[in-house]
1. Within the stretch 20-43, which residues are within 24 Å of the chain's Cα centre (by Cα) and surrounded by 13 or more Cβ atoms within 10 Å (Cβ to Cβ)?
2. Would you pick out the residues in the stretch 163-174 that are surrounded by fewer than 15 Cβ atoms within 10 Å (Cβ to Cβ) and assigned to a helix (DSSP H, G or I)?
3. Is it the case, given these coordinates, that residue 196 is in contact (Cβ under 8 Å) with a residue 60 or more places away in the chain, out of contact with any strand residue (DSSP E or B) (no Cβ under 7 Å at 6 or more places or on another chain), part of a helix (DSSP H, G or I) and within 15 Å of residue 130 (Cβ to Cβ)?
4. Could you please find all residues in the stretch 206-222 being crowded, with 19+ Cβ neighbours inside 10 Å and in a helix (DSSP H, G or I)?
5. Among 86, 143, which is the only one that is farther than 20 Å from residue 215 by Cβ, without any contact (Cβ under 8 Å) to a residue 12 or more places away in the chain and either touching a helix residue (DSSP H, G or I) at 6+ places or on another chain (Cβ under 9 Å) or in a helix (DSSP H, G or I) (or both)?
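Please treat every number below as a calculation from the coordinates, not as lab data. What you see is a predicted model, and the numbers here were worked out from it, not measured in a lab. Every residue, glycine as well, gets a Cβ built from its backbone with ideal geometry; the counts of neighbours run over all protein chains shown.
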């Protein structure tokens, strides 16, 4: 397809809007201090915590979001459109609103948090588990959307053929549906991990910023911005590099899932 030449102008401007801020960040990096800044104790602790919590939240997203995507794509019942809208809500809500919602649900004065405290002595806010919950809240829609799109693209013809041949529901799910979904699962998992890794607003509202417990890499960048701009820029560059790696890994799977 030959594109009109005029389209290249807004396309270039759109590309510039995305890329130029990153170039500006590169221009501000203190390259001589970069190794020391990204390997400081605070930076490594924040990075390690971010990787651990993002991996845990991605696993939760897969275990819960996978079945949810199957329900949204294959079930047919009244209120399905409302359910889908609610699932996508974290995509449009400011993350800090999600963090406040979690706090007033699971905090000491929340209607579930009070019960957990009284019954089990369990207090979730300002713990590492709170970070995982906050990341899961914002990241799960990415996995659900990816899997639901893959399911709708694949259709139901192979599942229908397997059912007519006598395969049970669980056999159809494990032998037909899941293999068809593998590219979508791969891209959805990577995107959910990337979103969890970069989460800031919900985390700081629900989990706070405690060194070694809830202070993830985005929170460390925010705090360093007030005291050491060079450190904040260096850690921002580190997060950009990780994001690029994630995109490189996720993009082939996403393209394969569309074929």
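1. If the condition is that a residue be within 24 Å of the chain's Cα centre (by Cα) and surrounded by 13 or more Cβ atoms within 10 Å (Cβ to Cβ), then 22, 25, 38, 42, 43 are the ones that fit.
2. Looking only at the stretch 163-174, we keep the residues that are surrounded by fewer than 15 Cβ atoms within 10 Å (Cβ to Cβ), and these are 164-166, 168-171, 174.
164, 169, 170, 171, 174 - these are the residues of the stretch 163-174 that are surrounded by fewer than 15 Cβ atoms within 10 Å (Cβ to Cβ) and assigned to a helix (DSSP H, G or I).
3. Details: in contact (Cβ under 8 Å) with a residue 60 or more places away in the chain: yes; out of contact with any strand residue (DSSP E or B) (no Cβ under 7 Å at 6 or more places or on another chain): yes; part of a helix (DSSP H, G or I): yes; within 15 Å of residue 130 (Cβ to Cβ): yes.
It is true that residue 196 is in contact (Cβ under 8 Å) with a residue 60 or more places away in the chain, out of contact with any strand residue (DSSP E or B) (no Cβ under 7 Å at 6 or more places or on another chain), part of a helix (DSSP H, G or I) and within 15 Å of residue 130 (Cβ to Cβ).
4. Taking the stretch 206-222 as the starting set, the residues that turn out to be crowded, with 19+ Cβ neighbours inside 10 Å are 206-207, 214-221.
Of everything in the stretch 206-222, those that are crowded, with 19+ Cβ neighbours inside 10 Å and in a helix (DSSP H, G or I) turn out to be 206, 217, 218, 219, 220, 221.
5. Details: 143 fails: without any contact (Cβ under 8 Å) to a residue 12 or more places away in the chain.
On inspection, the qualifying residue turns out to be 86.
Residues are listed down the side, and each one gets a yes or a no for (1) over 24 Å from residue 153 (Cβ atoms); (2) in contact with a strand residue (DSSP E or B) (Cβ under 8 Å, 6 or more places away or on another chain); (3) part of a helix (DSSP H, G or I):
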site: 9; (1), (2), (3): yes, no, yes
site: 19; (1), (2), (3): yes, no, yes
site: 30; (1), (2), (3): yes, no, no
site: 36; (1), (2), (3): yes, no, yes
site: 55; (1), (2), (3): yes, no, yes
site: 91; (1), (2), (3): no, no, yes
